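Rule-based calculations on the coordinates, nothing more; no lab input. All values derive from a computational prediction rather than experimental measurement. We place every Cβ from the backbone using ideal geometry, glycine too, and count neighbours over all the protein chains shown.
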Amino acid sequence: MKALLSILVLATAIGSTWLTTARAGVEPGDSLQITLRGVPADEQAKINGPYRVTQKGTLRLPFLDQRLPITGLNAEQIASAAESAYRNAGIYNTPAIEVEILSGDEQKPGPDIVSVGGQVNRAGQVPFRDGITLIQALQLAGDRNAFGGRNITIHRNGKAIPLDFRKPEHKNFPLRPNDAISVGRVGIMETDRG
């Protein structure tokens, strides 16, 4: 009888812990602040920033083809899931991700951004606005630095879009919220950077 009573007490404790954890986890519409470490700074700039949990309870992260199901997970569990997803996709070998679940007034969604990295003068995030083009985003990041080449890649929803900065239509390429721009290094044979 004592053993049965002990098992019931233990089961009740586990059940109440599970319910508390489930309530403490994220829900659709919650806001998250994600910080990536363990990779070069220009790569961090492509990931770091605010995110919102979708109405389906998933999280869309740059470069990943699949959204992460995260409803009910706590910050540590979300970070672990994101690290595993990046490792399994072969994108980052040793990502260290920190997740902060924002609440109250912090939940207000931040402005849409575009991440700019690679060979630019000020890598980081620039504000997105309707109609912003590649050249405008690069100007907001202080333009390409002395090592910035003509080859530029836009990372959008897990896909890479290669552009040549010498082409006017590529300079005026329309951006979308959460695009990540990576400016390549000038090539040895490259004489015209555009």
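Taking 8 Å as the Cα distance limit and 6 or more residues as the minimum spacing, I'd like the relative contact order of the stretch 62-170 as a percentage.
Details: 120 pairs, mean separation 24.4, N = 109.
It comes to 22 percent, rounded to a whole number.
Averaging sequence separations of C-alpha pairs under 8 Å and six or more residues apart, then dividing by the length of the stretch 113-185, give the relative contact order as a whole percent.
Working: 158 pairs, mean separation 31.2, N = 73.
For the stretch 113-185, the relative contact order is 43 percent.
Just want to confirm a number: the relative contact order over the stretch 31-107, from Cα pairs under 8 angstrom separated by 6+ residues, in percent. Could the numbers behind the result be given before it?
Values: 110 pairs, mean separation 29.2, N = 77.
Across the stretch 31-107, relative contact order equals 38 percent.
Enumerate by residue number the trypsin sites (Lys or Arg not before Pro) in the stretch 32-109 meeting two conditions: DSSP loop (anything except H, G, I, E, B), and at most 13 other Cβ atoms within 10 Å of the site's Cβ. Please list the in-between numbers first.
Details: sites: 37, 46, 52, 56, 60, 67, 87; in loops: 56, 60, 67.
Passing both the DSSP loop test and the Cβ count: 56.
Reported to two decimal places, what Rg/Rh ratio describes the stretch 31-107 when computed on Cα atoms with Rh from the Kirkwood expression? Don't skip to the end; give the middle numbers.
Working: Rg = 11.8 Å, Rh = 12.6 Å.
When Rh is taken as the Kirkwood radius, the ratio is 0.94.
Can you list, bin by bin at 10 Å, the percent of alpha carbon pairs in the stretch 113-185, starting at 0?
Histogram of Cα-Cα distances, whole percents per bin: 23, 62, 15.
How do 92, 86 rank when sorted from fewest to most other Cβ atoms within 10 Å of their own Cβ? Mind showing how you got there, number by number?
On the way: 92 19, 86 22.
Ranking 92, 86 by Cβ neighbours within 10 Å, fewest first, gives 92, 86.
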